[in-house]
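Student: My structure is below; once you've seen it, I'll send some questions.
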């Protein structure tokens, strides 16, 4: 059941990243409905995985990612770009922590998925910083970052699904 919960959490997180990528936070839009919904799903998915995993590094990584999403959500509701930027950087830090178990277990696919999420979150943070400090439209960067993160999350979910299916059949 725990492995199944981890897979469910991974797919919730992946769905959230895709929804967020449809209309990422730093793209000009009044409602930000997709960004809000996507980040809520990401936070829930990460929290579900953190709850289910026994690996301490994975547990901490997922908790940190969930906290990052909460920062982004708060920033979206308060229209505070600094919170959104910090949230993306916190998510990237959580993804960086998730690289540790992937490296220890020599799981190249998990590494790829987590690495892409780190890169995507970092690109999104950079887009927010550019918009704040240089007063330029960096929405293309935000879109690239959001889709990079989404691709990484889907790779991670597929990998966890494959691992769960393989272990269930043994």
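The values are calculated or read from the model by the stated rules, or taken from the named source; none is laboratory data. Fair warning: this is a prediction, and the values are worked out from it, not measured in the lab. Backbone-built Cβ (ideal geometry, glycine too); neighbour counts: all protein chains shown.
Student: Kindly provide the set of residues from the stretch 65-89 that are in contact (Cβ under 8 Å) with a residue 40 or more places away in the chain and more than 20 Å from residue 118 (Cβ to Cβ), ordered by number.
Tutor: Scanning the stretch 65-89 gives 76, 77, 81, 82.
Student: Output yes when any residue across the stretch 24-45 is within 14 Å of the chain's Cα centre (by Cα), within 18 Å of residue 123 (Cβ to Cβ) and not in a helix (DSSP H, G or I), and no when none is.
Tutor: yes
Student: Within the stretch 77-99, identify whether any single residue is modelled with pLDDT under 95 and buried (at least 20 other Cβ atoms within 10 Å of the Cβ), and answer yes or no.
Tutor: Checked against the condition, which is being modelled with pLDDT under 95 and buried (at least 20 other Cβ atoms within 10 Å of the Cβ), the stretch 77-99 yields no hits at all.
Student: Being under 20 Å from residue 86 (Cβ atoms), over 14 Å from the mean Cα position of the chain (by Cα) and in a helix (DSSP H, G or I) is the filter here, so list the residues in the stretch 127-142 that pass it.
Tutor: Once the filter is applied, which keeps residues that are under 20 Å from residue 86 (Cβ atoms), over 14 Å from the mean Cα position of the chain (by Cα) and in a helix (DSSP H, G or I), the stretch 127-142 yields 127, 128, 129, 130, 131, 132, 133, 134, 139, 141.
Student: Restricting to the stretch 73-86, what's the tally of residues that are in a loop (DSSP other than H, G, I, E, B) and on the phi < 0 side of the Ramachandran plot?
Tutor: Qualifying residue count for the region: 1.
Student: Looking at (1) free of Cβ contacts under 8 Å to residues at least 40 places away in the same chain; (2) within 17 Å of residue 68 (Cβ to Cβ), which is the one condition that is false for residue 165?
Tutor: Among (1) free of Cβ contacts under 8 Å to residues at least 40 places away in the same chain; (2) within 17 Å of residue 68 (Cβ to Cβ), the lone unmet condition for residue 165 is (2).
Student: Same structure again: Are any of the residues in the stretch 55-72 assigned to a loop (DSSP other than H, G, I, E, B), farther than 26 Å from residue 23 by Cβ, at pLDDT below 95 and more than 15 Å from the chain's Cα centre (by Cα)?
Tutor: yes
Student: Shifting gears a bit: Please go through the stretch 53-69 and pick out each residue that is surrounded by fewer than 20 Cβ atoms within 10 Å (Cβ to Cβ) and touching a helix residue (DSSP H, G or I) at 6+ places or on another chain (Cβ under 7 Å).
Tutor: 55, 57, 59, 60, 63, 67
This table checks each residue for (1) under 12 Å from the mean Cα position of the chain (by Cα); (2) free of Cβ contacts under 8 Å to residues at least 12 places away in the same chain; (3) under 20 Å from residue 23 (Cβ atoms).
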{"residue": "91", "(1), (2), (3)": "yes, no, yes"}
{"residue": "100", "(1), (2), (3)": "no, no, no"}
{"residue": "113", "(1), (2), (3)": "yes, no, no"}
{"residue": "151", "(1), (2), (3)": "yes, no, yes"}
